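To start, the structure itself, in structure tokens.
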Amino acid sequence: MNRPLPAPARDVALLLTRILLGTVMFAHGYQKMVINGIGRTTEGFETLSIPLAIVSASFVTVVEFAGSVMLIVGAMTPLVAGLNLIIMVGAGVFVHIPKGIFIANGGWELVGVIAAGMLALAATGPGRYSVDHLVRARQKQYQRELADASGPAHSPHSRRDSHDTFGGAHATHATR
């Protein structure tokens, strides 16, 4: 009863998590980039006394806008989730924590939940239904092809232990 989800269900759960978090972050990034523009976003950051307002506003806008798309498709997921986690911590510290927990009072509950989701994605990865998974699978295939092309004499699975002087069956073993 107290076990993790089976792999297929876990992959669907991670996909849904990425889509939901990515959509929320995209909406925030879209608001900053398209609706408000970087100028008004910077002014808002200055009003909130966020350090280096233009740099902070630009960073947050790009990560929320472009990073959300990367998150949805599962590209560079641990990095993008980590950058979003930094943004949520900053939003909490500079804006929301002093106002309490409840979002109705401007509190930290939304940034806290987003941060928890980003932390979980950074820790677990994007799952099977992602660009990251496809890239990893292709890299493994490429490495196998290279190993096969180099022949058995160069394969890491057919090396002889240099300390074994007897040869024969005991000398050949896989090194990993």
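We did not get these values from a lab; they are worked out from the coordinates using the rules stated. None of the values given here were measured: they were computed from a predicted structure. Here the Cβ is made from the backbone with ideal geometry for all residues, glycine too, and neighbour counts use every protein chain on show.
May I ask you to say which residue of Thr41, Thr47 is hydroxyl-bearing (Ser, Thr, Tyr) and surrounded by fewer than 17 Cβ atoms within 10 Å (Cβ to Cβ)?
Unique residue meeting the criteria: Thr47.
Test Ala104 against the stated conditions and say whether it is loosely packed, with under 14 Cβ neighbours inside 10 Å, of a type in the set (Gly, Ala, Ser) and touching a residue at least 12 places away in the same chain (Cβ under 8 Å).
It is false that Ala104 is loosely packed, with under 14 Cβ neighbours inside 10 Å, of a type in the set (Gly, Ala, Ser) and touching a residue at least 12 places away in the same chain (Cβ under 8 Å).
Taking the stated definitions as given, is Glu64 free of Cβ contacts under 8 Å to residues at least 24 places away in the same chain and of a type in the set (Asp, Glu)?
In short, no.
Checking the condition among the charged types (D, E, K, R) and over 22 Å from the mean Cα position of the chain (by Cα), which residue from Glu43, Glu109 passes?
Working: Glu109 fails: over 22 Å from the mean Cα position of the chain (by Cα).
Exactly one of Glu43, Glu109 is among the charged types (D, E, K, R) and over 22 Å from the mean Cα position of the chain (by Cα), namely Glu43.
Considering the range 117-134 alone, what residues qualify as being among the hydrophobic types (A, V, I, L, M, F, W, C) and surrounded by 13 or more Cβ atoms within 10 Å (Cβ to Cβ)?
Result: Met118, Leu119, Ala120, Leu121, Ala122, Val131, Leu134.
When you look at Val89, is it buried (at least 20 other Cβ atoms within 10 Å of the Cβ) and closer than 24 Å to Pro126 by Cβ, yes or no?
On the way: buried (at least 20 other Cβ atoms within 10 Å of the Cβ): no; closer than 24 Å to Pro126 by Cβ: yes.
When the stated conditions are applied, Val89 does not pass them.
Ala9 fails exactly one of the following numbered conditions: (1) farther than 21 Å from Ala115 by Cα; (2) small (Gly, Ala, Ser); (3) surrounded by 14 or more Cβ atoms within 10 Å (Cβ to Cβ). What is the number of that condition?
(3)
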